[in-house]
Amino acid sequence: MSKKRAVVLLSGGLDSATTLAIARTQGFDSYCLSFEYGQRHSAEVKFAKKVASHLGAQEFRVARIDIGAFGGSALTDMDIDVPVGPRATKTQADASQDEIPITYVPARNTIFLSYALGWAEVLGASDIFIGVNAVDYSGYPDCRPEFISAFESMANLATRVGIEGARITIRTPLIDLRKEEIITLGMSLGVDYSITVSCYQLDSKGISCGVCESCQIRKAGFDKAGTRDPTRYS
């Protein structure tokens, strides 16, 4: 009997790699989807491909879109500097009080999930995995449980599969985990974090800056998990 199919959004980062490992453990054949969307660096897609291969994905695809055409984010607009400095010690309550950071990419997860939804319908997959996290979510509105719930409701109203009586489920297995818990879980599932990347301003050789918010959160996660950070930092 064939396994259940799932679309897994895979950025090449620590969270999405762990999410893919969880999907595999739960018995899904995983179809991984990554994006070149006009981001500051596209080297992350190479990491995503390695992760997909390492964790036995059934298929890996890259969708090329141009969210960056609109700018409005330090991750897509070269005229906006990526902020540096630690925010890694902030709690979820602290983060919710912050202004949305300049590294937020307008509508990114909405667009990514929409692409995943389209592919899921074609594949006959009822499950979509995304590695959003509400603890280390950095103030991004499209990483909140409320957003995921709303998108899932929309998906079941706007698709043939939903209208015909099946159900699309958006799975967020990391939503309530701290970064160190994610790392510990991933290591227990065989994730090789040396082939993942989190940096907001990764260079062309795949070396992380070590000073942006995402690098700071990653470093703190490995430290709190009590394990060596295998990341290559400049």
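The values are calculated or read from the model by the stated rules, or taken from the named source; none is laboratory data. Since the structure is predicted, the reported quantities are computational estimates derived from the model, not experimental observations. Because the Cβ atoms are built from the backbone with ideal geometry, glycine has one as well, and the counts that use them run over all protein chains shown.
Brief remarks on what is shown
- Boolean, Ala17 is assigned to a helix (DSSP H, G or I), farther than 30 Å from Gly72 by Cα and modelled with pLDDT of 95 or more: no
- Looking across segment 145-164, the residues that are more than 23 Å from the chain's Cα centre (by Cα) and surrounded by fewer than 16 Cβ atoms within 10 Å (Cβ to Cβ) come down to Leu157, Ala158, Arg160, Ile163, Glu164.
- Top-ranked residue in segment 42-81 [being touching an Asp or Glu at 6+ places or on another chain (Cβ under 7 Å) and not small (Gly, Ala, Ser); ranked as nearest to Val191 (Cα to Cα)]: His54
- Test for Ile217: is it touching a Phe, Trp or Tyr at 6+ places or on another chain (Cβ under 9 Å) and either among the polar types (S, T, N, Q) or at negative phi (or both): no
- For segment 24-49, the set of residues classified as closer than 10 Å to Ser11 by Cβ, of a type in the set (Gly, Ala, Ser) and not in a strand (DSSP E or B) consists of Ala48 only.
- On the stretch given as segment 116-148, residues that are of a type in the set (A, V, I, L, M), touching a residue at least 12 places away in the same chain (Cβ under 8 Å) and not in a loop (DSSP other than H, G, I, E, B) total 6.
- Meets criteria (outside any helix (DSSP H, G or I) and either at positive phi or exposed (fewer than 15 other Cβ atoms within 10 Å of the Cβ) (or both)) for Pro173: no
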